[in-house]
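The values are calculated or read from the model by the stated rules, or taken from the named source; none is laboratory data. Since this is a predicted model, take the numbers as computed values, not measurements. As a convention, Cβ positions derive from the backbone with ideal geometry for all residues, glycine included, and neighbour counts pool all protein chains shown. Heavy atoms of the whole protein, side chains included, go into the accessibility calculation; ligands, DNA and RNA do not. Shrake-Rupley method; radii C 1.70, N 1.55, O 1.52, S 1.80 Å.
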Amino acid sequence: MKNIERNFLPGQYDKTNSLKINHNYLGEQFSDYDEILRKISIVVKNQDFTLGRQVDNFEDKFKDLINCKHAIGVGSGTDAIFLSLKSLNIKEGDEVITTPFTFYATIGAIVTAGAKPVFVDVDDDFNIDTNLIESSITEKTRAIVPVHWAGKPCNMNKMLDISNKYNLQIIEDACHAYLATYKGNYAGTFGKSGCFSLHPLKNLNVWGDGGIIVTNDDKFAEHLRLIRNHGLKNRNLCETFAYNSRLDTIQAVVAMHLLDKINHITDKRIFNANYLDMELGNLNEVKIPNRDKNNVKSVHHIYPLQFEKRDKLMNYLISFGIDAKIHYPVPMHLQPAAKDLGYNEGDFPKTELLSKKTLSLPIHEFITEDDMNFMIGKIKDFYTIK
């Protein structure tokens with residue numbers, strides 16, 4: 001394991017800080033940090049840093065927001081998936097079906113829970129192709145982890161039909177999908193549990209890591225609360241030896257502060273996406289995914305489109321201060337970590353095509369109409385002078 005970077009993130013931050021139209025908007029979003037610090041000072045005075053009152057308050061407010069019975073704050077979105085799988089008693093030799101077009105955390109949670117990830121290719125909307133799932137089910141399959149990629153919910157009706165037919169549990173990776181809906185119901189509320197991330201660049205975010213699990217199953221929620229906190233029933237009794245994955249009270253304060261703004265955040269991202277769709281949709285070199293607005297409310301955690309000459313366009317946009325990013329250039333089945341899973345290039349053609357053509361433009365709530373017109377103009381210029 002040579003040449004492993006000690007901490008590559010500061011270099012990434014420095015690289016994009018100079019760009020005018022950036023994916024990173026945290027300085028603007030937390031410009032009222034004095035108010036947040038005032039709220040945090042109450043935590044300091046109360047000294048309840050670990051699973052304090054604000055964690056309970058945030059959980060209660062979040063479950064009511066998405067009309068769910070239980071919300072359990074945990075250490076990260078990754079832990080939300082991991083703990084959900086462990087609560088299903090996933091063990092070595094079990095298989096979990098998911099998509100190869102996702103962030104590393106989805107697959108890492110499945111593997112560290114003890115299961116083998118079984119990949120199913122995606123459709124043009126970046127989400128798992130539900131028509132391909134049944135052919136991947138074996139006697140070892142225990143669960144399905146659909147990823148609501150970029151904030152667009154998967155086809156959950158078809159997913160539930162498969163789940164019921166084969167007696168499989170669904171753990172939703174809803175880390176991108178705050179307030180996204182499928183046929184009027186919130187992402188994260190269809191399966192056994194829904195898993196959300198509070199990472200700083202999510203639509204609802206904090207000053208570090210954090211996550212939330214939601215479920216309508218009382219016993220499942222009780223077990224999740226146990227295993228996020230060492231398996232402790234109370235201060236003196238340990239029901240099961242488990243994990244330490246608690247949402248910090250200070251992070252719950254930050255999340256609660258932003259929860260009052262989540263509807264504005266969502267509406268502005270949707271507005272920006274619709275504007276860009278309208279202006280870029282007439283370019284032959286650009287492919288916009290099917291939005292299915294009759295059934296789905298997408299919340300656009302990121303805004304990925306397919307572009308011809310993707311890499312050249314990315315460098316061109318960056319040269320004009322536009323933070324164009326690739327999510328992600330190497331799909332999960334071709335990552336070094338997946339070498340023992342037995343997959344090869346060509347196994348998932350849609351995923352591999354998207355990894356070569358997809359580019360994400362900044363879409364967050366602080367992107368102005370002038371910013372969007374500048375991006376649109378530069379994309380049109382690129383294809384005019386190509």
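Against the condition within 21 Å of residue 212 (Cα to Cα), modelled with pLDDT of 95 or more and not in a helix (DSSP H, G or I), how does residue 255 come out, does it pass? Considered against the rule, which asks whether it is within 21 Å of residue 212 (Cα to Cα), modelled with pLDDT of 95 or more and not in a helix (DSSP H, G or I), residue 255 comes out as no. Taking segment 320-339 as the range and being in a strand (DSSP E or B) and more than 26 Å from residue 120 (Cα to Cα) as the test, only 322 passes.
When the test is whether a residue is open to solvent by 20 Å² or more (accessible area, probe 1.4 Å) and not in a loop (DSSP other than H, G, I, E, B), residue 125 does not pass it.
Just one of the listed residues (6, 53) is among the basic types (Lys, Arg) and exposed (fewer than 11 other Cβ atoms within 10 Å of the Cβ), and it is 6.
Within the set 359, 317, the sole residue that is open to solvent by less than 20 Å² (accessible area, probe 1.4 Å), touching a residue at least 40 places away in the same chain (Cβ under 8 Å) and not in a helix (DSSP H, G or I) turns out to be 359. Pairing residues of segment 285-311 that are closer than 16 Å to residue 275 by Cα with residues that are surrounded by fewer than 19 Cβ atoms within 10 Å (Cβ to Cβ) and of a type in the set (A, V, I, L, M), at Cβ distances under 6 Å and at least 6 apart in sequence or on separate chains, gives 305/288. Looking at segment 249-262, can you tell me whether even one residue there is open to solvent by 40 Å² or more (accessible area, probe 1.4 Å), within 24 Å of residue 70 (Cα to Cα) and among the β-branched types (Val, Ile, Thr)? The answer is yes; a qualifying residue exists. Once segment 9-19 is narrowed to residues that are more than 22 Å from the chain's Cα centre (by Cα) and loosely packed, with under 11 Cβ neighbours inside 10 Å, the residue that is nearest to residue 370 (Cα to Cα) is 18.
Of all residues in segment 60-83, none are open to solvent by 60 Å² or more (accessible area, probe 1.4 Å), out of contact with any Phe, Trp or Tyr (no Cβ under 8 Å at 6 or more places or on another chain) and not charged (D, E, K, R).
Per-residue answers, yes or no, for (1) among the aliphatic types (A, V, I, L, M); (2) within 25 Å of residue 100 (Cβ to Cβ); (3) in contact with a Phe, Trp or Tyr (Cβ under 9 Å, 6 or more places away or on another chain):
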site	(1), (2), (3)
328	no, yes, yes
334	yes, yes, yes
342	no, yes, no
361	yes, yes, yes
364	no, no, yes
372	yes, no, yes
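Every residue, every condition in (1) under 28 Å from residue 230 (Cβ atoms); (2) in contact with a Lys or Arg (Cβ under 8 Å, 6 or more places away or on another chain), yes or no:
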{"site": "80", "(1), (2)": "yes, no"}
{"site": "88", "(1), (2)": "yes, yes"}
{"site": "115", "(1), (2)": "yes, yes"}
{"site": "125", "(1), (2)": "no, yes"}
{"site": "144", "(1), (2)": "no, no"}
{"site": "164", "(1), (2)": "no, no"}
{"site": "184", "(1), (2)": "no, no"}
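For residue 268, the test of being part of a helix (DSSP H, G or I) and either charged (D, E, K, R) or modelled with pLDDT under 95 (or both) is passed.
Of the helices (runs of 4 or more DSSP H) lying entirely inside segment 1-84, the ones with 2 or more residues being touching a residue at least 60 places away in the same chain (Cβ under 8 Å) and aliphatic (A, V, I, L, M) are found at 33-46, 53-65. Out of segment 340-356, which residues are under 13 Å from residue 121 (Cβ atoms) and surrounded by 12 or more Cβ atoms within 10 Å (Cβ to Cβ)? Residues satisfying the conditions are 343, 347, 348, 350, 351, 352, 353, 354, 355.
Taking segment 198-210 as the range and being open to solvent by less than 10 Å² (accessible area, probe 1.4 Å) and within 12 Å of residue 178 (Cα to Cα) as the test, the residues that pass are 198, 203, 204, 205. Counting residues in segment 230-245 that are closer than 18 Å to residue 175 by Cα and in contact (Cβ under 8 Å) with a residue 24 or more places away in the chain gives one or more.
Out of everything in segment 88-113 that is under 14 Å from the mean Cα position of the chain (by Cα) and assigned to a helix (DSSP H, G or I), what residue ends up being surrounded by the fewest Cβ atoms within 10 Å (Cβ to Cβ)? Only one residue fits best here, namely 104.
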